[in-house]
1. Tell me which helices (runs of 4 or more DSSP H) are completely within the stretch 46-126 and hold 2 or more residues being at pLDDT 95 or above and within 29 Å of residue 24 (Cβ to Cβ), or say none if there are none.
2. If a residue has to be among the acidic types (Asp, Glu) and under 30 Å from residue 116 (Cβ atoms) to count, how many in the stretch 41-94 make the cut?
3. Six or more apart or on different chains, Cβ under 7 Å: which pairs go from a residue in the stretch 95-113 that's under 16 Å from residue 81 (Cβ atoms) and of a type in the set (Ser, Thr, Tyr) to one that's assigned to a helix (DSSP H, G or I) and modelled with pLDDT of 95 or more? Could you list them?
4. Within the stretch 235-267, work out how many residues are surrounded by 15 or more Cβ atoms within 10 Å (Cβ to Cβ), over 30 Å from residue 281 (Cα atoms) and out of contact with any strand residue (DSSP E or B) (no Cβ under 6 Å at 6 or more places or on another chain).
5. Assess whether residue 315 counts as being in contact (Cβ under 8 Å) with a residue 60 or more places away in the chain, in a loop (DSSP other than H, G, I, E, B) and among the polar types (S, T, N, Q).
6. With respect to the numbered conditions (1) under 26 Å from residue 287 (Cα atoms); (2) touching a helix residue (DSSP H, G or I) at 6+ places or on another chain (Cβ under 6 Å); (3) surrounded by fewer than 22 Cβ atoms within 10 Å (Cβ to Cβ), which one is the sole condition not fulfilled by residue 197?
7. Which condition number in (1) within 30 Å of residue 246 (Cα to Cα); (2) charged (D, E, K, R); (3) surrounded by fewer than 23 Cβ atoms within 10 Å (Cβ to Cβ); (4) touching a Ser or Thr at 6+ places or on another chain (Cβ under 9 Å) is the one that residue 207 fails?
8. Starting from residues that are in contact with a helix residue (DSSP H, G or I) (Cβ under 6 Å, 6 or more places away or on another chain) and not aliphatic (A, V, I, L, M), keep the ones in the stretch 69-83 and report whichever is surrounded by the fewest Cβ atoms within 10 Å (Cβ to Cβ).
Amino acid sequence: MFELNKLVRTNILALSPYSSARDEFSGSEGVFLDANENPYGTLNRYPDPYQKELKDLLAGLKGVGRNEIFVGNGSDEVIDLLFRVFCDPGKDKALTFTPTYGMYDVSAAINAIEMIKVPLTSTFGIDLEQTLAKMDQSAVKLTFICSPNNPTGNAFPIEIIEKILQRNQGIVVVDEAYIDFSSTASAIQLIGSYPNLVVTQTMSKARGLAGARVGFAYANSAIINLLNKVKPPYNVSALNQRAAIDALSNEPGFEDQLKTILEERFRLSSDLSGLSIVQMVYPSEANFLLVAFDNANTVYNELVERKIIVRNRNSVVQNCIRITVGTPEENTLLINTLKQLENEKSTLY
């Protein structure tokens, strides 16, 4: 029997959250003399601390209730809050799969939480037997599954995620930052069946709002209430809420851009595979490709010299570079430059 309160830090259960002026009065009309705001200006009023308009829009798009949505200052805020709600510093443990998104490690270290790392298989899959053994041996409070995974690009089958949820006595966080680029179904559909599931998504990738810093958590209302309890009162600005609402309201524009990115991902993968300096282009369900080169460091440095900036992942996956799918013109420039490097191969290395 899953009991959420047994996972929550005792000081968080006892915490009385900050009560802002907008908690006491949430109307939009009146003479506002309650929040010590400047009476002049266009952005002089505090934003809605619970982002109701944005959540109502999301609820319709995702098929969940408003009380099952948390809006954060990027999904990185969600990750940090989950550590603060569930993990006692110096005592509890979290688990993730490597290689993966580096902020899980950073947030664990900030919160003094030991991170158990389960290596992905040679094909970047989850070794379920090893994972379940690690969970059984340790009292894991948080398990992070990035799907599609960064930097490998692959998504994990929903059946594997369910098996981890069924066995896990802690909170399972499925990070879906890249889900819009994937043919795999979102784990949001599982929220009603698993009270220990949190799904995170973001406006930074497919929605093109990396500069606005807006991320989401979807979970049962009890978990969402805990996140609201711990978050700063006005964690998402009015400007960023409006940017997210406008972006989510423009479905035709979103679909057109998504279609172009997916087409370019296919073209880029095909063109890269034809280069002799490329050893492998890994399958991707994200907006990037993980590419193995003969010599990743040399290729990376030569591209930087030509002002083409990619991400050298040689330190986490040998001789690999992560390449984001750009505009058609940017992708053509990249391929043409790599062809030049291919012709210069004998002088480079």
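The values are calculated or read from the model by the stated rules, or taken from the named source; none is laboratory data. Note that the structure is a prediction, hence the values are computed from the model and not measured. When we count neighbours, we look across all protein chains shown, and the Cβ atoms used for this are built from the backbone with ideal geometry, even at glycine.
1. Fully inside the stretch 46-126 and qualifying: 52-62, 75-86.
2. 6
3. Final answer for the pair search is 104/79; 107/79; 107/80; 107/83.
4. 10
5. Working: in contact (Cβ under 8 Å) with a residue 60 or more places away in the chain: no; in a loop (DSSP other than H, G, I, E, B): yes; among the polar types (S, T, N, Q): yes.
Considered against the rule, which asks whether it is in contact (Cβ under 8 Å) with a residue 60 or more places away in the chain, in a loop (DSSP other than H, G, I, E, B) and among the polar types (S, T, N, Q), residue 315 comes out as no.
6. (3)
7. Of the numbered conditions (1) within 30 Å of residue 246 (Cα to Cα); (2) charged (D, E, K, R); (3) surrounded by fewer than 23 Cβ atoms within 10 Å (Cβ to Cβ); (4) touching a Ser or Thr at 6+ places or on another chain (Cβ under 9 Å), the odd one out for residue 207 is (4).
8. This residue is 76.
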